[in-house]
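What follows is a set of notes on a single structure, which appears directly below.
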Amino acid sequence: MSHQSLYRKHRPHSFKDVVGQDSVIAPLKEQLASEKVGHAYLFAGSRGLGKTSIARIFARELGTDERDLYEIDAASNNSVEDIRNLTENVYTLPFASKHKVYILDEAHMLSKGAWNAFLKTLEEPPAHAIFILATTELSKVPETVQSRCQVYEFKRPSRETLAKVVVRVAKEEGVVVEPSAADLIALLAGGSYRDALSTLEKVLSSTTEKKITRENAEEATGAPRSELIGNLLRALSEGNADKALAAIRKAEKESIDLPLYLSLFIDALRATLLIRHAPELRKELAEELGEQYAELETIANAKESKISPTTLKTFLDASARIRFSPVPAVPLELAVLELLAE
């Protein structure tokens, strides 16, 4: 029996399974209830948000038989001839359903000629045809096409939402994921449900443990260890430029992905400031951060700590520069020198 990825295994099969897309789900359900369904939809949003999954659910809710559901990868079927074949097929009656539903994934990949060949059918399709176009790049879909569709923009989930999904799916797989580990996986996912579950799968496959700690997640994903983050944080708190630069150098020597290192550091820095200035959030942060919380609390409460909102702003500026720096360590080092150099 072939292995099924977590993302496919736990893909939503009904609207109630969908998380974080209420602004899309609500109007679709309303249209189904009122039987006022459109003929063309455009689902837009970054990868891994469930656009094609929701398109399939919508088709099933319409009562569409599998034989009347057509999924087309526009990335590889993007020529004028491909679209002409599709539009010719559109006019034949459904096998066993009221509707024939066409899902075009990566629709922005259609050629200009293909779009032109598609426009007439998209504007005046036969009554039984419904088109659902999915795209990660709405700006590349011609305005003439967008104007003929109901456009729904999918939202990127918050890190908190992704962490909850990670915990839930792991539990269904018989594994407990500690909150701090789930939070790390959510951060690494970059706002993608698919990437969150792919990362979780990588972590689960790397150990036989039934309880996943942040350390397990760090080892499996190659994320910087908490210790490396803490080294820089403590050095900045002490106002010690030598130690801070040495911490960055150590991370660099361990071949750490420095943009990721900086993202995790900024996250820890933000948490430290919240612990200090927002007491009402401490319980919530303690649950999210797990073992890391005690260290951040100590730094936050240090009387002589040099960490301030200016520290966070300086490293946020560094994060804007690091992706364009020929030497990734330089923006971090410059941030330290701006803050601590005499």
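Within region 127-162, take every residue that is aliphatic (A, V, I, L, M) and under 24 Å from ASN89 (Cα atoms) and give me the one that is surrounded by the fewest Cβ atoms within 10 Å (Cβ to Cβ).
Applying the first criterion (aliphatic (A, V, I, L, M)) to region 127-162 yields 127, 129-130, 132-134, 138, 141, 145, 151, 162.
From what is left, the residues that are under 24 Å from ASN89 (Cα atoms) are 127, 129-130, 132-134, 141, 145.
Details: ALA127: 8, ALA129: 20, ILE130: 22, ILE132: 26, LEU133: 29, ALA134: 26, VAL141: 19, VAL145: 21.
Among them, the one singled out is ALA127.
Going by the conditions given, is ILE256 in a helix (DSSP H, G or I), within 29 Å of the chain's Cα centre (by Cα) and surrounded by 18 or more Cβ atoms within 10 Å (Cβ to Cβ)?
Details: in a helix (DSSP H, G or I): no; within 29 Å of the chain's Cα centre (by Cα): yes; surrounded by 18 or more Cβ atoms within 10 Å (Cβ to Cβ): yes.
When the stated conditions are applied, ILE256 does not pass them.
Report, by residue number, each residue of region 276-295 that is assigned to a helix (DSSP H, G or I), within 19 Å of ALA163 (Cβ to Cβ) and either in contact with a Lys or Arg (Cβ under 7 Å, 6 or more places away or on another chain) or not basic (Lys, Arg) (or both).
Within region 276-295, LEU281, GLU284, LEU285, ALA286, GLU287, GLU288, LEU289, GLN292, TYR293 qualify.
Does VAL166 satisfy the criteria of being more than 17 Å from LEU260 (Cβ to Cβ) and among the hydrophobic types (A, V, I, L, M, F, W, C)? Spell out the reasoning first.
Details: more than 17 Å from LEU260 (Cβ to Cβ): yes; among the hydrophobic types (A, V, I, L, M, F, W, C): yes.
It is true that VAL166 is more than 17 Å from LEU260 (Cβ to Cβ) and among the hydrophobic types (A, V, I, L, M, F, W, C).
Search region 212-253 for residues being of a type outside the set (D, E, K, R) and not in a helix (DSSP H, G or I), and hand back the single one that is nearest to the chain's Cα centre (by Cα).
Narrowing region 212-253 to residues of a type outside the set (D, E, K, R): 212-213, 216-217, 220-224, 226, 228-233, 235-237, 239-241, 244-248, 251.
Still in the running and not in a helix (DSSP H, G or I): 212-213, 222-224, 239-240.
Values: ILE212: 21, THR213: 21, GLY222: 19, ALA223: 17, PRO224: 20, GLY239: 36, ASN240: 36 Å.
Restricting to residues being of a type outside the set (D, E, K, R) and not in a helix (DSSP H, G or I), the top hit is ALA223.
So, in region 185-194, how many residues would count as being part of a helix (DSSP H, G or I) and surrounded by fewer than 19 Cβ atoms within 10 Å (Cβ to Cβ)?
Total meeting the criteria: 1.
Since every read-out is calculated from the coordinates, none of them should be taken as a lab result. Note that the coordinates shown come from a computational prediction; the quantities given were computed from them, not determined experimentally. Neighbour counts are summed over all protein chains in view; Cβ atoms, including those assigned to glycine, are modelled from backbone coordinates with ideal geometry.
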